[in-house]
Amino acid sequence: MTELQEEITPLVEVRDLKVYFTIYAGVLRRKVGEVKAVDKVSLDIMKGETLGLVGESGCGKTTTGRAILRLNEITDGSVKIKGEYIHKTSLKEIRKIRPTMQMIFQDPQESLNPRMTVSSIISEPLYEHQNLTRKEKEDRVYDLMDSVGLNRDFASRYPHEFSGGQRQRIGIARALALNPELIVCDEPIAALDVSIQAQVVNLLEDLQEQRNLTYLFISHDLGMVRHIATRVAVMYLGQIVEIGKSENLYSSPLHPYTEALLSAVPEADPEIERTRKAIVLTGDVPSPATPPQGCNFCNRCPKALEICHQVEPTLNEIEPGRFISCHLYNG
Amino acid sequence: MAEDLSPVLSVEDLKVVFSTRKGEVHAVNTINFNLNSGELLGVVGESGSGKSVTMMSLLGLLPSPPAEVKGGTVLFEGKDLLKSSSREIRRVRGGKIGFIFQDPMTSLNPVFSVGFQIIEPLKKHMRLSRRQAKTRALELLDLVGIPDPQKRFKDYPHQFSGGMRQRVMIAIALACDPKLLIADEPTTALDVTIQAQILELVKDLRKKLGMATIWITHDLGVIAGIATRVIVMYAGQIVELASVEELFANPQHPYTKALIGTIPAVRGERASRLNSIRGQAPTTLKEPSFCSFHPRCDFAFEKCVSHNPQLLEHGSNHLVACHLIEDKGIALD
């Protein structure tokens with residue numbers, strides 16, 4: 001890699017990231033195979049941007065997000081955050097870097113301890129990482145509650161007293177407590193109702209602007225990702241098939257999978273729906289334990305060539321900032 | 001027979017109440033609608049709006065207690081389902097009325113083969129022999145696009161993927177040539193490319209079989225693609241009912257408008273900021289004497305707090321429950 005100027009140095013650099021889960025079977029629990037949840041993923045996340053990571057269930061998007069924060073062990077490859085390699089550092093060392101990188105989880109019901117009050121949930125990271133007096137902590141909690149739009153009077157209530165959208169706000173406040181730079185948002189709106197989703201997304205956008213946050217926004221909601229993301233990476237079966245600027249990727253998807261995925265999204269407009277022609281993929285996503293030979297998408301791809309069944313494609317930059325992993329674009 | 005004239009299903013003043021420790025929750029509050037043959041009626045609303053409860057109550061599928069149908073009539077083929085004995089209802093359920101549920105994993109029985117589960121209604125409702133039933137089951141599996149039905153017939157639900165399981169559910173629902181198919185969020189648990197497959201299949205089947213369908217969902221995109229008419233529900237009531245083109249082109253109720261505005265498009269213009277609806281959906285612990293949407297409505301005025309609006313016709317076949325339109329006759333922009 002050549003040295004780039006200061007302002008375009010990425011905040012996160014992921015190279016050839018692999019996360020394999022071993023399958024054990026039999027009485028002796030012998031290793032019988034591996035699930036290649038994430039297989040050779042490389043991506044950069046620039047400071048202040050939102051990188052959308054989309055794909056269907058089981059494609060490895062959540063595992064990628066967790067591996068970047070070292071919440072999953074990394075099998076191979078490197079992850080560099082703010083110039084520091086974190087893929088091999090000891091967990092003790094990792095703890096020191098944790099404040100810069102936080103996560104917002106999918107299900108606000110399950111990611112908040114039901115026995116803790118809102119204020120203790122939000123202040124827990126402060127206990128762990130900072131030495132503040134009781135008064136300072138209290139002020140900080142109130143500040144955070146204000147900034148995510150929670151009423152201060154609710155500080156001593158428990159999670160079950162809140163609705164889904166408000167619970168997600170608690171989760172966001174907790175993630176913000178240590179002034180992080182990077183937040184991995186793992187399907188933060190998937191469990192919410194449509195009218196509440198927009199509230200939470202607007203909040204995330206406001207916070208990003210106020211605090212210069214960088215997001216990795218993991219979602220299967222392609223409309224929402226288009227709305228929030230600067231750049232988008234599309235994953236299929238553990239690999240990135242396409243990365244590009246959001247507007248380019250949505251207006252002219254190049255990889256056949258991206259094309260099919262986008263064409264399959266129904267639009268809330270009967271006019272468009274009448275003429276929309278979905279590219280209906282046949283079959284199901286293969287198991288990541290037994291991916292097909294060659295390109296992972298070859299057995300469902302409507303445009304597959306001979307070579308796709310034999311040789312695995314690599315991620316190539318075909319125009320500035322646009323990367324595709326497909327034999328159709330190799331010539 | 002003059003089949004096209006009389007509706008397949010007509011629901012009048014349906015009320016469902018749940019008794020909870022905090023009091024009675026008015027989950028469905030005075031609902032009226034008709035379903036004509038060959039029509040696909042979409043029912044949209046957020047969680048807790050009463051869309052599933054409405055449909056479950058039609059077939060006596062709600063556990064009682066805590067649920068209780070407080071009144072109303074549900075006419076299906078001239079019979080009031082709410083007054084039928086459980087034996088009579090059982091004859092209709094799974095026979096003339098087919099049901100598809102949201103989660104294909106939990107609604108199929110894991111200990112019986114898929115074939116067995118398709119044959120079951122055929123033997124019960126159509127009194128087919130084992131052999132006839134099997135032939136029909138294989139036809140159905142083929143119809144819903146399951147490759148190699150002969151082989152798959154003996155497989156168990158866990159051996160199928162989510163999309164394939166939902167196809168099996170559809171096969172079971174269609175087994176006895178239903179007049180009415182009720183689908184409750186059938187594609188919500190599926191990935192978008194698999195959802196596209198199922199939607200194609202349903203469109204195709206409806207062309208072939210022409211049954212009336214009620215499709216419950218929270219996804220306005222899905223509705224826009226398949227429905228002919230749409231009901232929008234909020235807090236247990238219908239707030240708007242119109243044909244799909246009319247509803248999206250000319251939504252009247254502030255809730256419908258706001259809801260359509262909250263959805264980011266995948267195609268066309270990208271909105272710089274999403275419209276959101278402030279606050280959250282209410283719990284319906286009291287029978288509302290006000291418009292349930294007024295705390296979240298930008299246009300609410302005094303009457304919205306003191307009177308519950310009626311569902312009235314504004315324009316041809318366009319029903320809206322809103323004081324603003326009723327009193328002031330304004331279509332808002």
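Within the option set B:Ile194, B:Ile214, being of a type outside the set (Asp, Glu) and within 25 Å of A:Ala190 (Cβ to Cβ) holds for one residue only, B:Ile194.
Of all residues in segment A:130-146, those that are without any contact (Cβ under 8 Å) to a residue 12 or more places away in the chain have Cβ atoms under 9 Å from Cβ atoms of residues that are among the basic types (Lys, Arg), 6 or more apart or on another chain, in A:Leu132/A:Arg140; A:Asp146/A:Arg152.
Quick check on segment B:295-314. Is at least one of its residues within 13 Å of another protein chain (Cβ to nearest Cβ), part of a helix (DSSP H, G or I), of a type outside the set (Gly, Ala, Ser) and within 15 Å of A:Val194 (Cβ to Cβ)? Yes, the conditions are met somewhere in segment B:295-314.
Each row is one residue, and each column tells you yes or no for (1) of a type in the set (A, V, I, L, M, F, W, C); (2) part of a loop (DSSP other than H, G, I, E, B).
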residue	(1), (2)
B:Gly38	no, yes
B:Leu41	yes, no
B:Ser47	no, yes
B:Thr54	no, no
B:Gly71	no, no
B:Leu82	yes, no
B:Gly98	no, no
B:Thr106	no, no
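Select from segment A:104-124 the residues that are in contact with a Lys or Arg (Cβ under 8 Å, 6 or more places away or on another chain) and surrounded by 19 or more Cβ atoms within 10 Å (Cβ to Cβ) and write down the one among them that is nearest to A:Leu204 (Cα to Cα).
Looking at the filtered set, the residue picked out is A:Pro108.
Exactly one residue out of B:Val168, B:Val232, B:Val222 is at pLDDT 90 or above, buried (at least 19 other Cβ atoms within 10 Å of the Cβ) and within 26 Å of B:Gly95 (Cβ to Cβ): that is B:Val168.
Tell me, which residue of segment A:140-154 that is within 16 Å of A:Pro125 (Cβ to Cβ) and of a type outside the set (Val, Ile, Thr) is farthest from the other protein chains (Cβ to nearest Cβ)? Looking at the filtered set, the residue picked out is A:Arg140.
Within segment B:270-277, does at least one residue satisfy the condition of being closer than 14 Å to A:Asp269 by Cα and within 12 Å of chain A (Cβ to nearest Cβ)? Scanning segment B:270-277, I find no residue that is closer than 14 Å to A:Asp269 by Cα and within 12 Å of chain A (Cβ to nearest Cβ), so the answer is no. The condition (being free of Cβ contacts under 8 Å to residues at least 12 places away in the same chain and of a type in the set (A, V, I, L, M)) is satisfied by just one residue among B:Ala258, B:Ala242, B:Ala249, B:Ala321: B:Ala249. Looking only at segment B:125-152, residues that are buried (at least 16 other Cβ atoms within 10 Å of the Cβ) and part of a helix (DSSP H, G or I) come to 11 in all.
Scanning segment A:196-215 for residues that are facing another protein chain (nearest Cβ under 10 Å) and buried (at least 23 other Cβ atoms within 10 Å of the Cβ), we see that the one that is farthest from A:Arg226 (Cα to Cα) is A:Ile196. Every listed requirement among (1) of a type in the set (Ser, Thr, Tyr); (2) modelled with pLDDT of 90 or more; (3) more than 25 Å from A:Arg174 (Cβ to Cβ) is met by A:Thr50 save one, (3). The set of residues in segment A:259-300 that are modelled with pLDDT of 90 or more, under 22 Å from the mean Cα position of the chain (by Cα) and either under 11 Å from B:Gly225 (Cα atoms) or not in a helix (DSSP H, G or I) (or both) comprises A:Val265, A:Asn296, A:Phe297. Picking from residues in segment A:286-330 that are closer than 30 Å to B:Lys203 by Cα and within 14 Å of chain B (Cβ to nearest Cβ), the one that is surrounded by the fewest Cβ atoms within 10 Å (Cβ to Cβ) is A:Pro302.
Where in segment A:37-125 are the strands (runs of 3 or more DSSP E), entirely inside, with at least 2 residues that are in contact (Cβ under 8 Å) with a residue 12 or more places away in the chain, closer than 30 Å to A:Asp139 by Cβ and away from chain B (no Cβ under 14 Å)? Working first, answer last.
Numbers: elements: A:50-54, A:76-81, A:101-104.
Ranges flagged: A:101-104.
Every residue, every condition in (1) touching a Leu at 6+ places or on another chain (Cβ under 7 Å); (2) crowded, with 21+ Cβ neighbours inside 10 Å; (3) within 8 Å of another protein chain (Cβ to nearest Cβ); (4) touching a residue at least 60 places away in the same chain (Cβ under 8 Å), yes or no:
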residue	(1), (2), (3), (4)
A:Tyr250	yes, yes, yes, no
A:His255	no, yes, no, yes
A:Glu259	no, no, no, no
A:Arg274	no, no, no, no
A:Lys277	no, no, no, no
A:Leu281	no, yes, yes, no
A:Asp284	no, no, yes, no
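Candidates are the residues of segment B:56-69 that are in contact (Cβ under 8 Å) with a residue 40 or more places away in the chain and assigned to a loop (DSSP other than H, G, I, E, B); the one that is surrounded by the fewest Cβ atoms within 10 Å (Cβ to Cβ) is B:Pro65. Going through (1) in a loop (DSSP other than H, G, I, E, B); (2) without any contact (Cβ under 8 Å) to a residue 24 or more places away in the chain one by one, B:Glu287 falls short only on (2).
Being surrounded by fewer than 24 Cβ atoms within 10 Å (Cβ to Cβ), within 21 Å of B:Val43 (Cβ to Cβ) and in contact (Cβ under 8 Å) with a residue 60 or more places away in the chain holds for only one residue in B:Leu201, B:Leu181, and it is B:Leu181.
The values are calculated or read from the model by the stated rules, or taken from the named source; none is laboratory data. Computed from a predicted structure; not experimentally measured. Note that each Cβ is placed from the backbone with ideal geometry, even for glycine, and that neighbours are counted across all protein chains shown.
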